[in-house]
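Trainee: Please see the structure below; I have some questions.
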Amino acid sequence: MNLTLKVWRQKDAKSPGRFETYAAKNISSHASFLEMLDVVNEDLIAKGEEPIHFDSDCREGICGTCSMVINGLAHGGQKGTTVCQLHMRFFHEGDVITIEPWRAKPFPIVRDLVVNRTAFDRIIQAGGYVSVRTGSAPDANAIPVPKGNAELSMDAAQCIGCGACVAACRNASAMLFMSAKIGHLGYLPQGQAERSRRALAMVRTHDVEGFGSCTNQYECEAVCPKEISVAYIARMNRDFAVANLKEALGAH
Amino acid sequence: MSTAAATAAVRKPSALGAFYASTIGKKWIVALSGLVLVGFVIGHLVGNLQIFLPPAYINAYAANLKALGPLLWAIRLGLFVFFVLHVVNTIQLRQRSAEARPERYAVERKKRATKASLTMIVSGLILLAFIIFHLLHFTLTAIPTANVHVMEPFTGGERHDVYKMVVGGFQNPAVSIFYLISMGLLCLHLSHGFQSVFQTLGLRTAKLGPLLNGVSIALGWFLFLGNAAIVLAILFRFVK
Amino acid sequence: MSTLSPSKTTSDGVMEDTLDGHVPKGPIENSWERYKGEVKLINPANKRKHDIIVVGSGLAGGSSAATLAELGYQVKCFCYQDSARRAHSIAAQGGINAAKNYQNDGDSVYRLFYDTIKGGDFRSREENVWRLAEVSRNIIDQCVAQGVPFAREYGGALANRSFGGAQVSRTFYARGQTGQQLMLGAYQALSAQIHAGGVTMFPHCEMLDLIVIDGHAKGIVVRDLWTGEISTHLAHAVVLATGGYGNVFFLSTNARGCNVTATFRAHKRGAFFANPCYTQIHPTCIPVSGDYQSKLTLMSESLRNDGRVWAPKKAGDKRPPQQIPEDERDYFLERKYPSFGNLAPRDISSRAAKEACDQGRGVGESGLGVYLDFAESISRLGVEVVRERYGNLFDMYEKITGENAYQQPMRIFPAVHYTMGGLWVDYNLMSNLPGLHVIGEANFSDHGANRLGASALMQGLADGYFVLPYTIGVYLASDAGKKMPKADDPQIAALKNDVIARQNLLLNIKGKRTPSSYHRELGLLMWDKCGMARNRDGLQAALQRIPELRAEFYQNLNVTGEVGGTNQALEIASRVADYLEFGELMCFDALHREESCGGHFREEYQTKDGEAQRDDENYAYVAAWEHKGVGQTPYLHKEPLEFKKAHLAVRNYK
Ligand SMILES: Cc1cc2nc3c(=O)[nH]c(=O)nc-3n(C[C@H](O)[C@H](O)[C@H](O)COP(=O)(O)OP(=O)(O)OC[C@H]3O[C@@H](n4cnc5c(N)ncnc54)[C@H](O)[C@@H]3O)c2cc1C
Ligand code: HEM
Ligand code: HEM
Ligand code: SF4
Ligand code: F3S
Ligand code: FES
């Protein structure tokens, strides 16, 4: 099939960006969206032009590297699908496709469609873990975990840290990402000791990084490639309030 | 920002101050105050629906409220505080979020967000204008309309004919239309806002979600239809 | 080197001094305990004075960086991705082995040890494997404590599944995303240490060279992939945890960015590369669909627990699978290997599928595929149970192929998946270059000629959490280990300039062909000549072709853009340049090893019924190659393998 692409090109964070139009010719409908871009890029390089820069690594929907907004929807808007897993069979001959980077102040553009998501790492560094010294763990079966909680924990733990939730949220809020980690650890007995500390530290870092606040649009859940539920945001809101209350009462 | 700088900035003087300054803290305040305001508008509507009864009812209701004296003032003050908190925090959050997304997308599409959820600040701000107008209109009676007709002036202890005032007020089509639009926006605001409170307060689960959405929309319509019924009944002279 | 005949090369290249793996003497059962009791310790105050560079943030790199920092060392950790969490370990699906015996099915350290040695076709070092099996148990404890949400039974205890090459159920899993969850556990441990200040993280930085000063590895040269800046970093010791080189085949299940650059550059600076020809072909991947394809997707081996592999009995049978009656189907794994059936080890299953396709019985448009059928399990267990176990894999399959595997069998075909070869290391996980330690998939150590499923995650975490943090002390406690080069040492600036020159060289060719087109061509060649089956003629042809391709690359390459700033074309070109040298070494090793073992199948050496034929008399050794210049014959160092505990035997899965 043949398509027209309107792609955001921007040399680096400081330079101004603009849309460029490219033709994508003879694309197989079995190809993935990124493979389509590969084909376009091979043509560009052959012509001596710089390729469209975009991020990707695993190309199987698990590393969370790929990231672009396609026709207004993060990852292209297919249910539970990263853009590397989005296939061209969902497009039609002659389609005009607009491709933009994640847009959020805490995600400055590195180049073209590549953005800097290290703010996510700093949110995790603030408290998204269980502090346990290597070698000091008790036997793995010493603490039983009810299957239901293990499943709820796993549902949240699937977050791939792609940032689509921020990209899709009109407030550029990272609540879904953050709540996924807080939910993952919060449903496990191992995560209880640091539950309050974690919520306080992560949310405060989120705010310092400049993400927006949540107004419960649920758009994040709709585009999340791992279909993380906004119920985790609700749970985090509760955890955060309780943690503050405990802190105010000196109950730590 | 470096990790060290981030940690330094993360440390805030007092726990409650930090809560108030945080995105989620502000959200809580918006939700709690929103809930109080919802309670008020429901009560207010129920009271106002007495307009369909003989005038004595609503006038007695107003008089009874007045009779609360200092308690009334306490309630008014409370309402006012929640109202200010609601407005101030929503505006602050909106500002913050606008800063977080300095550049907009060329193509905007949404899958789940609704007209109502995306326009909370617009519906809210118009509601703010409405409420100012409304207070001038009925509480301070500072809006001169052709039909304003208060039986007796506000002299302490005098009978205050709310019934006449309201009926007089809505006989003016311009005023009525403004009220109707505002009631529409209130409906919109709450059709998203009510279920949103549960999410913010951490009471919404994936299972409860659809039910809450339904209740929220129903509440919006109930308030719209109830309020609009009053305005329309007067405008079209069913209630005179 | 292509002009040299292999036999001549062997006698020519072999150095008489054999390599010493520095294994602890004495009985194997408590060798690791004894070692730990005797190894030199560094006191906490001194640890703070030691800087360690860890390249890689995968299971091996992430876990070691975190643990080393916990112990008090100053760690600098590098990865090429924009975040440490995205290392390729994240993609592992199936599970991680551990000799916990929670199923009470007779598992033990010995059994895991033996399965690994046997699975590796008796080409691994016994002591290392024993240690691996022993610490496997601690890994599960550690990960659970970190909050890894492993699958559970209703009673709250950990669940297990079976994996290829084992008759016990010892694989721990988190749905089909075990690697992801273990990876996030390591990433979180790393994040905690970054927060505490023990680790400085350098994401989006690619190592382009190793700094060797007076024969000791003391630093690295990196390019910041965002700014293009080339910088040098020094340390008392360097740890490489940079993963495997499967992408030499272009199409593999590896992530796009996986590269041989880090290990190959170290090799060019003196580190021996061991057994590069041992590559693993995974039997259950989604078949190739077109020449635009950028990677292959694995369907976890765990699917073989409940899926049955078959091909039509008749060659050229193009009927849809549902229309092929039961008695016209050949469940070839069950037929050929009745006791292991669909759970036969990877190399064996892959070859069986290839054999079916070679006989014209392949399915799908290309004829390169066999069926993996769940109809029987679905009728036995119900759709829901199957969905719970493999739902995400079925979804992934549907996304890629547009086919629903609940209704029709999956089509699968083998694909390059893992590389057993890697930099040579001794028992301390240190290479022959003092100071350079290599862990995870990047080293050659524990899997011999074939890795069993669910053992790579185990090895990466064993190395990172429980082995290297002890063994690195041996070097650091030595006199050389205490030395740190001066930042203004001219050797360092020279290395940096060398890297810059290399980048400019690539940029200034200004030819016609894209970097990826060379990669694709090299990959096809490698798959064809050095893939699932190899033979002398093919390997010699490849050794002829690769230098030609390399020469063309340096004449006709087109890399757009500049050194500064983000330049993905340059990143690719720089990796391909290394593959073009490394591919030659791989073929060379494959040619020299005149036997079939594990993933290395030489067509000349097979039994009558097509099984691999090992030659223990002549090849029971590790082949560790020393670089002698591009296009020069490498030197072969042999580390003989002795089997004291697991006796050499024919690998039989019938
Ligand atoms: C699809 C798939 C499924 C798998 N499933 C399983 C399974 O179920 N069970 C199992 O046991 N094993 C499985 N494996 C194998 C296993 O995942 C890997 O062998 C293992 O994760 C490797 O870990 P590692 O830490 O050694 O390397 P990796 O995780 O590959 O990490 C390499 C690190 O090095 C960095 N790096 C690489 N090159 C450079 C450079 N030049 N400069 C700077 N940094 C660099 C990368 O950024 C990364 O951080 C699977 C593998 C694949 C591909
Ligand atoms: C048709 C609909 C409405 C009618 C007929 C109505 C009528 C009135 C009347 C008569 C009063 C004055 C009471 C008095 O001073 O004794 C009043 C006060 C007030 N109304 Fe309304 N109202 C309507 C809708 C609303 C709505 C939608 C809101 C809020 C969103 C609102 C908020 C208020 C407030 C805040 C006061 C002041 C209360 C006080 O003085 O304590 N009203 N209203
Ligand atoms: C008058 C000016 C008003 C403004 C500017 C305003 C604005 C807003 C905004 C922007 C939100 C979304 C915030 C969020 O979801 O976090 C919001 C939420 C809400 N508002 Fe208002 N509003 C106003 C008046 C009212 C009134 C009169 C009511 C009461 C009936 C009300 C009830 C609510 C509720 C219930 C929410 C949901 C809170 C939540 O999200 O949890 N608002 N308001
Ligand atoms: S919550 Fe979903 S959208 Fe957000 S980072 Fe995680 S996986 Fe991506
Ligand atoms: S879209 Fe944004 S507003 Fe909240 S629910 Fe999701 S973060
Ligand atoms: S490239 Fe890894 S998730 Fe898309």
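Trainee: Against the definition (hydrophobic (A, V, I, L, M, F, W, C), under 22 Å from the mean Cα position of the chain (by Cα) and within 14 Å of ligand 4 (Cβ to nearest atom)), how does A:ALA167 come out, yes or no?
Mentor: yes
Trainee: Further, regarding this structure: Would the range C:588-600 turn up any residue that is within 14 Å of chain A (Cβ to nearest Cβ) and touching a strand residue (DSSP E or B) at 6+ places or on another chain (Cβ under 9 Å)?
Mentor: Of all residues in the range C:588-600, those within 14 Å of chain A (Cβ to nearest Cβ) come to none.
For the range C:588-600, residues within 14 Å of chain A (Cβ to nearest Cβ) and touching a strand residue (DSSP E or B) at 6+ places or on another chain (Cβ under 9 Å): absent.
Trainee: From A:ALA156, A:ALA150, grab the single residue that is part of a helix (DSSP H, G or I), surrounded by fewer than 24 Cβ atoms within 10 Å (Cβ to Cβ) and in contact (Cβ under 8 Å) with a residue 12 or more places away in the chain.
Mentor: Answer to the selection: A:ALA150.
Trainee: Restrict the check to the range C:432-440 and report whether at least one residue is part of a helix (DSSP H, G or I) and within 26 Å of C:ILE213 (Cα to Cα).
Mentor: yes
Trainee: Take the range A:177-205 and flag every residue that is buried (at least 22 other Cβ atoms within 10 Å of the Cβ), more than 7 Å from every other protein chain (Cβ to nearest Cβ) and either small (Gly, Ala, Ser) or farther than 20 Å from A:SER153 by Cα (or both).
Mentor: A:SER179, A:ALA180, A:GLY183, A:GLY186, A:ALA199
Trainee: When you scan the range C:188-260 for strands (runs of 3 or more DSSP E) that lie fully inside it, which ones turn up with 3 or more residues that are away from ligand 1 (no atom under 11 Å from the Cβ) and touching a Lys or Arg at 6+ places or on another chain (Cβ under 9 Å)?
Mentor: Those strands (runs of 3 or more DSSP E) span C:205-213, C:216-224, C:230-234.
Trainee: Do you know which residues across the range A:159-183 are within 16 Å of ligand 5 (Cβ to nearest atom) and not in a helix (DSSP H, G or I)?
Mentor: Selection gives A:CYS159, A:GLY161, A:CYS162, A:GLY163, A:CYS169, A:ARG170, A:ASN171, A:ALA172, A:SER173, A:ALA174.
Trainee: Kindly indicate the residue of the range B:43-102 that is touching a Gly at 6+ places or on another chain (Cβ under 9 Å) and among the hydroxyl-bearing types (Ser, Thr, Tyr) and also modelled with the lowest pLDDT among those meeting that condition.
Mentor: The selected residue is B:TYR61.
Trainee: Looking at the range A:225-252 only, could you name the residues that are farther than 21 Å from A:ILE160 by Cβ and at the interface with chain B (Cβ under 7 Å from one of its Cβ atoms)? Give the derivation first.
Mentor: Just the residues of the range A:225-252 that are farther than 21 Å from A:ILE160 by Cβ, to begin with: A:234, A:237-252.
A:ALA234, A:ASN237, A:ARG238, A:PHE240, A:ALA241, A:ASN244, A:GLU247, A:ALA248, listed by residue number.
Trainee: Across the range A:140-158, what is the total count of residues that are among the hydrophobic types (A, V, I, L, M, F, W, C) and either within 14 Å of ligand 5 (Cβ to nearest atom) or in contact with a His (Cβ under 7 Å, 6 or more places away or on another chain) (or both)?
Mentor: 2
Trainee: Restricting attention to the range B:11-50, and to residues there that are among the aromatic types (Phe, Trp, Tyr), closer than 26 Å to A:MET175 by Cα and away from ligand 5 (no atom under 16 Å from the Cβ), which single residue is surrounded by the most Cβ atoms within 10 Å (Cβ to Cβ)?
Mentor: B:PHE19
Trainee: Please go through the range B:98-128 and give me each residue that is within 29 Å of A:ILE109 (Cα to Cα), under 22 Å from the mean Cα position of the chain (by Cα) and surrounded by 19 or more Cβ atoms within 10 Å (Cβ to Cβ), ordered by number.
Mentor: B:ALA113, B:SER117
Trainee: A:ILE124: outside any loop (DSSP other than H, G, I, E, B), away from chain C (no Cβ under 11 Å) and of a type outside the set (Phe, Trp, Tyr), yes or no?
Mentor: The answer is no for A:ILE124.
Trainee: Could you grab me the full set of residues in the range B:196-221 that are more than 8 Å from chain A (Cβ to nearest Cβ) and touching a helix residue (DSSP H, G or I) at 6+ places or on another chain (Cβ under 8 Å)?
Mentor: B:VAL197, B:LEU208, B:LEU212, B:ASN213, B:VAL215, B:SER216, B:ILE217, B:LEU219, B:GLY220, B:TRP221
Trainee: C:ASN138 is checked against (1) surrounded by fewer than 24 Cβ atoms within 10 Å (Cβ to Cβ); (2) more than 8 Å from every other protein chain (Cβ to nearest Cβ); (3) assigned to a helix (DSSP H, G or I) and fails just one. What number does that condition carry?
Mentor: (2)
Trainee: Which one is farthest from the chain's Cα centre (by Cα) among residues in the range A:14-29 that are more than 7 Å from every other protein chain (Cβ to nearest Cβ) and small (Gly, Ala, Ser)?
Mentor: Among them, the one singled out is A:ALA23.
Trainee: Tell me, which residue of the range A:30-58 that is among the charged types (D, E, K, R) and either within 15 Å of the chain's Cα centre (by Cα) or part of a strand (DSSP E or B) (or both) is farthest from ligand 3 (Cβ to nearest atom)?
Mentor: A:ASP57
Trainee: Do any residues in the range C:112-130 that are over 22 Å from C:LEU423 (Cβ atoms) have Cβ atoms under 6 Å from those of residues that are of a type in the set (Phe, Trp, Tyr), where the two are at least six apart or on different chains, and which pairs are they?
Mentor: Every condition considered, the pairs that remain are C:PHE113/C:TRP130.
Trainee: Looking only at the range C:592-620, count how many residues are touching a residue at least 24 places away in the same chain (Cβ under 8 Å) and not in a loop (DSSP other than H, G, I, E, B).
Mentor: Here the count works out to 8.
Trainee: Is one or more of the residues making up the range A:105-120 more than 16 Å from ligand 3 (Cβ to nearest atom), more than 8 Å from chain C (Cβ to nearest Cβ) and closer than 25 Å to C:GLY147 by Cα?
Mentor: Yes, because at least one residue in the range A:105-120 is more than 16 Å from ligand 3 (Cβ to nearest atom), more than 8 Å from chain C (Cβ to nearest Cβ) and closer than 25 Å to C:GLY147 by Cα.
Trainee: Further, regarding this structure: Cβ-Cβ below 9 Å, separation at least six or inter-chain, first residue in the range C:233-260 and within 30 Å of C:ASP488 (Cβ to Cβ), second within 16 Å of ligand 4 (Cβ to nearest atom) and among the basic types (Lys, Arg): which pairs?
Mentor: Within 9 Å, no pair qualifies.
Trainee: Are any residues in the range A:139-176 away from ligand 3 (no atom under 16 Å from the Cβ) and either touching a Gly at 6+ places or on another chain (Cβ under 6 Å) or away from chain C (no Cβ under 12 Å) (or both), and if so, which ones?
Mentor: The answer is A:PRO144, A:VAL145, A:PRO146, A:ALA156, A:ILE160, A:GLY161, A:CYS162, A:ALA164, A:CYS165, A:VAL166, A:ALA167, A:ALA168.
Trainee: Further, regarding this structure: Kindly provide the set of residues from the range A:134-148 that are more than 29 Å from the chain's Cα centre (by Cα) and not polar (S, T, N, Q), ordered by number.
Mentor: Listed by number, the residues that qualify are A:GLY135, A:ALA137, A:PRO138, A:ASP139, A:ALA140, A:ALA142, A:ILE143, A:PRO144.
Trainee: So, one more: Output the residues belonging to the range B:95-122 that are at the interface with chain A (Cβ under 8 Å from one of its Cβ atoms), part of a helix (DSSP H, G or I) and touching a helix residue (DSSP H, G or I) at 6+ places or on another chain (Cβ under 6 Å).
Mentor: Residue satisfying the conditions is B:SER117 alone.
Trainee: Taking the stated definitions as given, is A:ARG59 surrounded by 16 or more Cβ atoms within 10 Å (Cβ to Cβ), among the basic types (Lys, Arg), more than 10 Å from chain C (Cβ to nearest Cβ) and in contact (Cβ under 8 Å) with a residue 12 or more places away in the chain?
Mentor: no
Trainee: Please go through the range A:206-224 and give me each residue that is more than 8 Å from every other protein chain (Cβ to nearest Cβ) and not in a helix (DSSP H, G or I), ordered by number. Before the answer, list the steps.
Mentor: Just the residues of the range A:206-224 that are more than 8 Å from every other protein chain (Cβ to nearest Cβ), to begin with: A:220, A:224.
Within the range A:206-224, just A:CYS224 meets the criteria.
Trainee: Return the residues of the range C:56-67 that are more than 19 Å from C:VAL222 (Cβ to Cβ) and within 11 Å of chain A (Cβ to nearest Cβ); say none if nothing qualifies.
Mentor: C:SER63, C:ALA66, C:THR67 - these are the residues of the range C:56-67 that are more than 19 Å from C:VAL222 (Cβ to Cβ) and within 11 Å of chain A (Cβ to nearest Cβ).
The values are calculated or read from the model by the stated rules, or taken from the named source; none is laboratory data. Only a predicted model underlies this, so the values are computations on that prediction, with no experimental measurement involved. Cβ coordinates were reconstructed from backbone atoms using ideal geometry, including for glycine residues, and neighbour counts include every protein chain displayed.
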